[in-house]
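Note sheet for the following structure.
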Amino acid sequence: MKRRLFKLGVFLLAGAIVNVAVAWSCALWSGPLQSSRYFMLQNVSPAFDEDKAHLEELGWRKIAAQDFFDTKIYQSTTTCSGLTRRELLESSLPYEKDPIYQNGVYRECPAERQFFAGWPARSMVGEMWNGGTGATWLNPTWNYRQSLPPWNSQTRFVAERLIPLKPIWLGFALDAMFDASILWLLFMSFQLARRMRRHMRLKRGLCPACKYPIGASPTCTECGTALVLHKKPSAQSAIKPPATNH
């Protein structure tokens, strides 16, 4: 019983390790993940309804509104194999002059990105949020929370990837059990193949380790492997002696 529990724990631990590796691989290399699309006007100041229509055409939907500079919060979700990106966008009415065109402009500024990674279920999540303000809105400074930037990442407006560190416990448990079951099936297939190979070699009178002819010896005369030979009972031993009446 203890041995079985130990094996179960080993397979679950291995499944969790494989799960993390799969989630990080999905976060870094799955795709292609469609780039975020924004609507920014620099020389006109249309009504906000027109701005909203353009944002909705690009896949954004309004989820909240704030009184600060009449800021509207939009959300967009992009999904590919093993990865889901949820992005928040702040869109505000003009409150400052554009340095080039000298008129009010709308500001669509990426505020936060969440990446949910894992397969078959999403098992890990990481976030990045824009710490830039004012004139830095075109080149936001990405800060990483519960995640790490990829090795080749440049914290610019086009940052599309990260390494998630926070587990989503339900998805993590499901993926770990799924990966553990795959590992168990591979292990059992290997064991079954070994047993079948041993049985076939013994049936042909060969050593199961080195395939040397064994004859009637209890050990292989070539490699010294101990052999368990199952001999069929002879015809004489199979005949039962007649019962005697006392």
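In this rough spin-label picture, where each label sits 7 Å from Cα along the Cβ direction, the Thr219-Ala193 distance is 3.1 nm. Stretching the chain fully between Lys7 and Ser81 yields a gain of 23.5 nm (0.36 nm per residue, less the alpha carbon separation). Averaged over residues, the count of other Cβ atoms within 10 Å places the peptides 217-224, 176-183 in the sequence 176-183, 217-224, highest first.
Where a number appears in this text, it was derived from the coordinates with a stated rule and is not lab data. Fair warning: this is a prediction, and the values are worked out from it, not measured in the lab. Don't worry about glycine lacking a Cβ; one is built from the backbone with ideal geometry, like all the others, and counts go over all protein chains shown.
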